[in-house]
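Here's the structure, in structure tokens; my notes come after.
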């Protein structure tokens with residue numbers, strides 16, 4: 001009986017380690033970066049601003065997004081990472097000012113991408129090329 005318990009423990013640990021390694025190598029869920037961590041992708045240098053969860057202006061509604069920024073170059077990436085907290089605060093303020101109707105559908109998502117990029121341009125002009133949502137939930 002003890003032998004089977006040890007086999008089960010070894011299998012579970014092996015699967016967990018294998019998934020973690022694969023997630024980091026192939027960008028699977030569970031390997032999310034946050035706190036201004038950076039990674040290199042085919043589309044350029046990307047800085048993760050992590051997850052945002054906040055209320056919308058509508059009563060009883062909230063939004064949860066995970067946001068990545070594509071930087072122009074390595075220096076820009078370093079500047080964006082250095083201003084991580086400042087950028088997150090501005091994006092939270094933007095999200096809290098939005099109504100549910102403004103964010104629904106593809107048009108709402110694209111408009112929010114533009115608005116976030118405009119906010120980033122104020123603090124870090126010419127440093128961010130694009131905004132990507134890796135998670136987008138409104139309830």
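Rule-based calculations on the coordinates, nothing more; no lab input. No experiment lies behind these values; they were computed from the predicted model shown. FYI the Cβ positions are ideal-geometry reconstructions off the backbone, even for glycines, and counts take in every protein chain you see.
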Q: May I ask you to list the residues in the stretch 81-104 that are out of contact with any strand residue (DSSP E or B) (no Cβ under 8 Å at 6 or more places or on another chain) and closer than 19 Å to residue 54 by Cα?
A: 85, 86, 89, 90, 93, 94, 97, 99, 101, 102
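Here is a yes/no grid of residues against (1) crowded, with 17+ Cβ neighbours inside 10 Å; (2) more than 22 Å from residue 44 (Cα to Cα):
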{"site": "62", "(1), (2)": "no, yes"}
{"site": "65", "(1), (2)": "yes, no"}
{"site": "73", "(1), (2)": "no, no"}
{"site": "84", "(1), (2)": "yes, no"}
{"site": "89", "(1), (2)": "no, yes"}
{"site": "103", "(1), (2)": "yes, yes"}
{"site": "120", "(1), (2)": "yes, no"}
{"site": "125", "(1), (2)": "no, no"}
{"site": "131", "(1), (2)": "yes, no"}
Q: Considering each residue of the stretch 78-110, count those that are free of Cβ contacts under 8 Å to residues at least 24 places away in the same chain and either outside any helix (DSSP H, G or I) or in contact with a helix residue (DSSP H, G or I) (Cβ under 7 Å, 6 or more places away or on another chain) (or both), and give that number.
A: 2
Q. Which members of the stretch 111-139 meet the condition of being outside any helix (DSSP H, G or I), touching a strand residue (DSSP E or B) at 6+ places or on another chain (Cβ under 7 Å) and free of Cβ contacts under 8 Å to residues at least 60 places away in the same chain?
A. 127, 128
